[in-house]
Amino acid sequence: MRHPAAPNSPDAPIRRVMLFGMSGLGKTHLASMLRGTGEWFHYSVDYRIGTRYMGEHIADNFKREAMRVPLLRDLLMTDSVYIASNITFDNLAPLSTYLGKPGDPTRGGLPFAEYIRRQRQHHGAETAALQDAVPFIDRALDIYGYQNFICDTGGSICEVIDPDDHDDPLMTTLAAHMLPVWIEGSDAHTAELIRRFDRAPKPMYYHPDFLLPAWDAYLAEYAVTEDSVDPDHFVRWTYARALAHRQPRYRAMAENWGIRVRAEDVMHVQSPQDFNALLIAAL
């Protein structure tokens with residue numbers, strides 16, 4: 001079957017693409033390479049989340065921490081300093097820091113109820129940021145003259161749509177305007193992602209149907225209470241399970257709405273021409 005976002009001719013360039021898959025397999029690398037040519041508009045879903053939809057939450061959290069420091073408190077109360085997030089396409093640390101990790105507050109953990117509240121905020125923000133991608137296609141053309149559009153999604157896209165529902169409204173809309181492309185990693189890639197995460201564990205968004213049972217299982221397995229959980233150990237313990245949980249969801253997304261390419265092939269893409277050839281071969 002032809003995809004509605006595919007070109008009419010096999011040699012024509014594919015101009016509107018949505019990349020999805022596990023973080024760390026090349027989505028942002030590809031998008032940045034294409035943006036660097038000056039011919040592609042790069043829409044980062046995570047950047048949109050962290051600026052348009054979570055920016056005030058992030059800044060308020062910074063201010064809350066600053067208010068605990070007497071000097072900074074006095075400066076804030078007199079509007080003498082300005083505190084804001086400096087989030088970029090390549091540095092999403094303010095967003096992940098705000099999401100946080102649950103557990104022992106003396107080790108930087110959040111109460112589980114607060115952690116869940118921030119997870120819900122992220123779910124709403126990610127849904128809205130994905131919805132925004134479609135009107136941004138027209139904005140990119142109308143304002144900047146970009147005919148080519150690359151949507152760089154977060155790893156949790158498979159958690160905010162129903163990959164098994166062929167009529168999922170959000171994914172159906174996205175696929176009607178862009179070619180969804182799953183960057184599929186091998187077992188070796190998964191093992192490397194786990195090793196990388198183990199060195200520097202970072203917060204993530206999880207669907208409640210996955211997160212709540214995982215939290216209960218962790219508490220039972222390690223016989224710990226909520227406020228004694230090691231936050232880093234919990235997210236390390238959860239990460240490999242999350243990858244296994246997401247893999248079939250990504251696969252269903254590709255089967256229902258798009259195509260898939262191998263991460264090892266993505267590594268060899270050096271130009272828009274290479275990128276287009278990769279997608280044409282997959283189509």
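The values are calculated or read from the model by the stated rules, or taken from the named source; none is laboratory data. Note that the structure is a prediction, hence the values are computed from the model and not measured. Glycine gets a Cβ as well: all are built from the backbone with ideal geometry, and neighbour counts include every protein chain shown. The area values use the complete protein model at the heavy-atom level, side chains included, leaving out ligands, DNA and RNA. Shrake-Rupley method; radii C 1.70, N 1.55, O 1.52, S 1.80 Å.
Taken residue by residue, the stretch 143-160 has no member that is open to solvent by 30 Å² or more (accessible area, probe 1.4 Å), touching a helix residue (DSSP H, G or I) at 6+ places or on another chain (Cβ under 9 Å), touching a residue at least 24 places away in the same chain (Cβ under 8 Å) and among the hydrophobic types (A, V, I, L, M, F, W, C).
One line per residue, one yes/no per condition, for (1) assigned to a loop (DSSP other than H, G, I, E, B); (2) crowded, with 16+ Cβ neighbours inside 10 Å; (3) modelled with pLDDT of 95 or more:
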{"position": "Ile87", "(1), (2), (3)": "yes, yes, no"}
{"position": "Asn91", "(1), (2), (3)": "yes, no, no"}
{"position": "Leu95", "(1), (2), (3)": "no, yes, no"}
{"position": "Tyr98", "(1), (2), (3)": "no, yes, no"}
{"position": "Ala113", "(1), (2), (3)": "no, no, yes"}
{"position": "Gln119", "(1), (2), (3)": "no, yes, yes"}
{"position": "Ala125", "(1), (2), (3)": "no, yes, yes"}
{"position": "Ala129", "(1), (2), (3)": "no, yes, yes"}
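When Leu19 is tested against (1) surrounded by fewer than 18 Cβ atoms within 10 Å (Cβ to Cβ); (2) within 12 Å of the chain's Cα centre (by Cα); (3) modelled with pLDDT of 95 or more, only condition (1) is not met. How many of the residues in the stretch 157-194 are modelled with pLDDT under 95 and either within 14 Å of Thr127 (Cα to Cα) or assigned to a helix (DSSP H, G or I) (or both)? Qualifying residue count, the stretch 157-194: 8. Condition check for Ala214 on (1) surrounded by 14 or more Cβ atoms within 10 Å (Cβ to Cβ); (2) assigned to a helix (DSSP H, G or I); (3) in contact (Cβ under 8 Å) with a residue 60 or more places away in the chain: one failure, at (3). Every condition in (1) part of a loop (DSSP other than H, G, I, E, B); (2) open to solvent by 20 Å² or more (accessible area, probe 1.4 Å); (3) touching a Leu at 6+ places or on another chain (Cβ under 9 Å) holds for Phe41 except the one numbered (1). Answer yes or no as to whether His3 is farther than 21 Å from Ala128 by Cβ, within 22 Å of the chain's Cα centre (by Cα), modelled with pLDDT under 95 and not small (Gly, Ala, Ser). So His3 fails the test. Restricting the stretch 250-265 to residues that are part of a helix (DSSP H, G or I) and in contact with a helix residue (DSSP H, G or I) (Cβ under 7 Å, 6 or more places away or on another chain), the residue that is most open to solvent (accessible area, probe 1.4 Å) is Asp265.
Are any residues in the stretch 102-128 farther than 18 Å from His207 by Cβ, in contact with a strand residue (DSSP E or B) (Cβ under 8 Å, 6 or more places away or on another chain) and not aliphatic (A, V, I, L, M), and if so, which ones? Correct list: Gly103, Gly109, Pro111. Scanning the stretch 239-247 finds one or more residues that are touching a residue at least 60 places away in the same chain (Cβ under 8 Å) and either of a type in the set (Lys, Arg) or touching an Asp or Glu at 6+ places or on another chain (Cβ under 7 Å) (or both).
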